[in-house]
Amino acid sequence: MDKRFISENLYKKIVTLLPICCVDLVVKMANSFLLAKRLDTPYKGIWFFPGGRIFFGESFEAAIKRKLKEELNIRNFRKIKFLGAENLKFQRGRFGKPGQTIVNVFLVKISKGDGSRLRLDKTHSEWRWFDAIRKDFHPYLKKFLTLAGFKQK
């Protein structure tokens, strides 16, 4: 087991006391972007970016590579571009209490070959490629998809 993983009890204490630092990924292939439907709170059942927390001592690039591999089975990408950061606060997080996440959002470009090998982990129920921003997307998604160059329908 990776030494950077901590017990669920310790993580539960940490998330009620401190913001968690994460990376979120705008995965782009050709003229489309990938979203996955979340199984966990916050944002359960909502189309969202893949991503997750950064481990202690881990660089952004290493976290991006790890999250692409763990969550999507993507091992190769062509380019990373930092799009910005967001301070997300929510009333009900993974453990049923309020939480806060500082998210660093990156645009990651992949090839069609890598897109054909997509396989989700246990944190998502399904994935889908979109070619435009939908009106019903979360405002956070709209902001960073716009920064990535996508337009609203």
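Points to keep in mind about this one:
- Sum of side-chain charges, residue 19 neighbourhood, beta-carbon under 12 Å (Lys, Arg +1; Asp, Glu -1): +1
- Descending Cα extents along the principal axes, the chain, whole Å: 41, 34, 27
- The share of accessible area on segment 30-140 that comes from carbon and sulfur is 49 percent, using a 1.4 angstrom probe.
- For segment 145-151, backbone phi angles converted through the Karplus equation (6.51, -1.76, 1.60; θ = phi - 60°) give residue-by-residue couplings of 5, 5, 4, 7, x, 8, 10 Hz, Gly and Pro being listed as x.
- Accessible solvent surface per residue of segment 3-153, calculated while the other protein chains remain in place, 1.4 angstrom probe, Å²: 57 Å²
- Spin-label pair residue 86/residue 151, simplified geometry with 7 Å Cα→Cβ offset, distance in nm: 2.2 nm
- Cα-based radius of gyration of segment 108-153 once divided by 2.2 N^0.38 Å, which approximates compact folds: 1.32
- Over the chain, Cα pairs under 8 Å with separation of 6+ residues give a relative contact order of 30 percent.
- Label-to-label distance for residue 59 and residue 6 is 2.4 nm, based on points extended 7 Å past Cα in the beta-carbon direction.
- GNM result for the chain, Cα springs below 10 Å: residue of 49, 33, 77 fluctuating most strongly: 77
The values are calculated or read from the model by the stated rules, or taken from the named source; none is laboratory data. All values derive from a computational prediction rather than experimental measurement. Methodologically, a virtual Cβ is constructed for each residue, glycine included, from the backbone with ideal geometry; neighbour enumeration extends over all protein chains shown. These accessible areas exclude ligands, DNA and RNA; they are computed on the full protein's heavy atoms, side chains included. Shrake-Rupley method; radii C 1.70, N 1.55, O 1.52, S 1.80 Å.
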